[in-house]
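Written out below as structure tokens is the structure these notes cover.
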Amino acid sequence: CVMARLEERLSQQRSKKKHSVWLFLAAVFSMVVVAMATYYWFVRGGDFEKATKRAGSTLIGTGKVNILVLGVDERSDDVGRSDTMFVITVDKDTKSVSMLSVPRDTRVKIPGHGWDKINHAYAEGGHELSIKAVEGLLDMPIDYYVLINFSGFTKIVDALDGVDINVEKRMYYEDPYDGKGLVINLKPGLQHMDGKTAIQYVRYRDEEGDIGRVARQQKFVRA
């Protein structure tokens, strides 16, 4: 099954590298892996206290672990912004995992920078400022953070041998100024997506705006 294959690949990576699991996730994993691996880690009895957590974490004694996932649109001439942002909460007492998406255009008060879109926090102060902005918005502590990029997303989808998604409508979009040129070209219907195709699905945005894209990202994680 998918989780068995994921477990085998993670085990092989852990044997080669002596870094913590969460530092490794921060380097290569995409949002779908974070959601699935977090659940697997918990169900299989993983010990979060052994992983590296951010300074000031309130993890000990709470029974819950809050992980901020930042999907960063990195460019060679730009630090990038966190265009995908969500919080995963693992409840170690009830054995449940939940995910809350934060739309990138959410207007918040960014410490030291006034009111702005929440995805601008990353451009102004990296993950630490993003964490502060999210903590202020949700009134909850963030114990861990994970940074991901497009390359990590495509690699993990391919490692899972693809994902089945029922594309709900025709999706076509071109942006010649996006990196080497972004082309999204998907037809409606059930299809098996590899990494390059899946990144088109989760990046697509039309008149529904970021809310529609967030819904598709959540649909993809469930798939």
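The values are calculated or read from the model by the stated rules, or taken from the named source; none is laboratory data. Nothing here was measured: the structure is a model prediction, and the numbers come from that model. FYI the Cβ positions are ideal-geometry reconstructions off the backbone, even for glycines, and counts take in every protein chain you see. All accessible areas refer to the heavy atoms of the entire protein, side chains included, with ligands and DNA or RNA removed. Shrake-Rupley method; radii C 1.70, N 1.55, O 1.52, S 1.80 Å.
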Task: Surrounding net charge for Arg216, when Lys and Arg each add one and Asp and Glu each subtract one, Cβ distance under 10 Å - done: +2
TODO: Give me the number: length gained by fully extending Trp115 to Asp194, i.e. 0.36 nm times residue separation minus the C-alpha to C-alpha distance, one decimal in nm.
DONE: 24.6 nm
- [ ] May I ask you to compute the full-extension gain from Tyr172 to Leu100, defined as 0.36 nm times their residue separation minus their alpha-carbon distance, rounded to one decimal in nm?
- [x] 23.2 nm
TODO: Using the structure shown, list the pairs from Lys169/Lys219; Lys155/Lys196; Lys109/Lys132; Lys64/Lys117 with a Cα-Cα distance above 18 Å, or answer none.
DONE: Lys64/Lys117
Open item on the list: Accessible area of the range 168-214 with a 1.4 Å probe: how many percent of it is carbon plus sulfur?
Closed with: 53
Task: Accessible heavy-atom area order of Asp143, Asp91, highest first, probe of 1.4 Å - done: Asp91, Asp143
Task: Nearest-0.05 FRET efficiency for Glu128 and Thr89, computed from C-beta distance (R0 30 Å) - done: 0.90
Open item on the list: Give the average over all directions of the projected area of the C-alpha convex hull of the range 124-223, one decimal, in nm².
Closed with: 7.9
